[in-house]
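**Q** First the structure, which I've put down as C-alpha cells, then a few questions once you've had a look.
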C-alpha cells in the first residue's frame, strides 16, 4: 500500500504532529510506502494565481480551472503542484492531518487543495463522486480541536463536525472520487494531560490497525440523477 500524509500544523512538537507521526510509523511498520507532505515545513505556497502556469491558454483573462486543464496537458503546471499531484497519483490512501481553525482547515491546506486538485484530472463534467478522477483511492481526515466533544453534539452549541466539514468530506474528497473514511477527531487537545493524550493516540493506532474495516461516508451515485444532476431519478 502507498500512503500519502498531508500534514498542516506549524509546530513540529504539537499533538497534531504526533498523530501524523504515529500514522507514518504504523504504515511503515506494515511495509507500506509512506510519503509526507509537511506543508509548513515545505513552505508550500497556498495562493492560487497565474504564476501556477508557465504557459497559458488565454494570457489576457485567467479562468483558473481552464488553465489547470491546459497546463496539465502541456506540462506547464508549476513544479510544486506537479510534485503533489504525482504523490497523490501514487497513493492508495490519502491522510489529511490538521488542527481545526474557525470551523475549517488551515488556509495552507485549503490552498494545497485549490492548487493541486486540478480540473480535468481530479474532476470534470460527469467525472464526479463515483466517477471522479480519484476513484479507487481512500481518504482519511484526522483533525484536532480545542472544544469538548459534547459541544459538537445534538445537545451542544456547535454542529456535528461531520456536518461542519461537509465541504471537505463530501464537496472535495467525495466529489473527486475518493472513498472517504469516517473522520477521526481529537477534542479539547490543548487542555488534556499526557495520560488522556496517550489514550487518544492509542485510539488512533487502533483505527489505523483496523482501517480495512472502517466505515465509509455515504456519497451520491451519479447514476441516480438526471443528465444535469438536478433531479434524482431513482
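**Q** Does segment 172-195 hold any residues that are modelled with pLDDT under 95, in contact with a helix residue (DSSP H, G or I) (Cβ under 9 Å, 6 or more places away or on another chain) and part of a helix (DSSP H, G or I), and which are they?
**A** If the condition is that a residue be modelled with pLDDT under 95, in contact with a helix residue (DSSP H, G or I) (Cβ under 9 Å, 6 or more places away or on another chain) and part of a helix (DSSP H, G or I), then 189, 190 are the ones that fit.
**Q** Same structure again: From 175, 187, which residue is over 21 Å from residue 110 (Cβ atoms) and either crowded, with 17+ Cβ neighbours inside 10 Å or touching a residue at least 40 places away in the same chain (Cβ under 8 Å) (or both)? Walk me through how you get there before you give the answer.
**A** On the way: 175 fails: over 21 Å from residue 110 (Cβ atoms).
That would be 187, the only listed residue that is over 21 Å from residue 110 (Cβ atoms) and either crowded, with 17+ Cβ neighbours inside 10 Å or touching a residue at least 40 places away in the same chain (Cβ under 8 Å) (or both).
**Q** Would you mind finding the one in 135, 205 that is part of a loop (DSSP other than H, G, I, E, B) and under 18 Å from residue 93 (Cα atoms)? Give the derivation first.
**A** Working: 205 fails: part of a loop (DSSP other than H, G, I, E, B).
After applying the criteria, what remains is 135.
**Q** Let me ask something else about it. Just checking, does segment 10-26 include any residue being in contact (Cβ under 8 Å) with a residue 12 or more places away in the chain, over 19 Å from residue 145 (Cα atoms) and touching a helix residue (DSSP H, G or I) at 6+ places or on another chain (Cβ under 9 Å)?
**A** Yes, there is a match, as at least one residue in segment 10-26 is in contact (Cβ under 8 Å) with a residue 12 or more places away in the chain, over 19 Å from residue 145 (Cα atoms) and touching a helix residue (DSSP H, G or I) at 6+ places or on another chain (Cβ under 9 Å).
**Q** Can I ask one more? Would you mind stating whether residue 169 is in a helix (DSSP H, G or I), within 23 Å of residue 19 (Cβ to Cβ) and touching a strand residue (DSSP E or B) at 6+ places or on another chain (Cβ under 7 Å)?
**A** Working: in a helix (DSSP H, G or I): yes; within 23 Å of residue 19 (Cβ to Cβ): yes; touching a strand residue (DSSP E or B) at 6+ places or on another chain (Cβ under 7 Å): yes.
Yes.
**Q** Could you grab me the full set of residues in segment 138-160 that are out of contact with any helix residue (DSSP H, G or I) (no Cβ under 8 Å at 6 or more places or on another chain) and in a helix (DSSP H, G or I)?
**A** 149, 150, 151
**Q** Ok, one more. Can you name the residue in segment 210-232 that is within 15 Å of residue 142 (Cα to Cα) and in contact with a helix residue (DSSP H, G or I) (Cβ under 8 Å, 6 or more places away or on another chain) and is also surrounded by the most Cβ atoms within 10 Å (Cβ to Cβ) among such residues?
**A** The residue in question is 217.
**Q** So, in segment 23-44, exactly how many residues are surrounded by fewer than 17 Cβ atoms within 10 Å (Cβ to Cβ) and farther than 27 Å from residue 114 by Cβ?
**A** Total satisfying the criteria: 6.
**Q** Looking at the structure I just gave you, is residue 163 modelled with pLDDT under 90, over 17 Å from residue 92 (Cα atoms) and not in a loop (DSSP other than H, G, I, E, B)? First the steps, then the outcome.
**A** Values: modelled with pLDDT under 90: yes; over 17 Å from residue 92 (Cα atoms): yes; not in a loop (DSSP other than H, G, I, E, B): yes.
The answer is yes for residue 163.
**Q** Based on this model, can you work out whether residue 85 counts as closer than 20 Å to residue 127 by Cβ, within 17 Å of the chain's Cα centre (by Cα), free of Cβ contacts under 8 Å to residues at least 60 places away in the same chain and crowded, with 16+ Cβ neighbours inside 10 Å? Working first, answer last.
**A** Values: closer than 20 Å to residue 127 by Cβ: yes; within 17 Å of the chain's Cα centre (by Cα): yes; free of Cβ contacts under 8 Å to residues at least 60 places away in the same chain: yes; crowded, with 16+ Cβ neighbours inside 10 Å: yes.
Here the answer is yes, as residue 85 does meet what is asked.
**Q** Can I ask one more? Regarding residue 129, is this residue touching a residue at least 12 places away in the same chain (Cβ under 8 Å), surrounded by 14 or more Cβ atoms within 10 Å (Cβ to Cβ) and at negative phi? Talk me through it step by step, then tell me what you get.
**A** Details: touching a residue at least 12 places away in the same chain (Cβ under 8 Å): yes; surrounded by 14 or more Cβ atoms within 10 Å (Cβ to Cβ): yes; at negative phi: no.
Judged against the criteria, residue 129 is not a match.
**Q** Could you list, in sequence order, all residues of segment 84-110 that are in contact with a helix residue (DSSP H, G or I) (Cβ under 8 Å, 6 or more places away or on another chain) and in a helix (DSSP H, G or I)?
**A** 84, 85, 88, 108, 109
The values are calculated or read from the model by the stated rules, or taken from the named source; none is laboratory data. Since we're looking at a predicted model, the values are computed, not measured. Please note: Cβ atoms are built from the backbone with ideal geometry, for glycine as well, and neighbour counts cover all protein chains shown.
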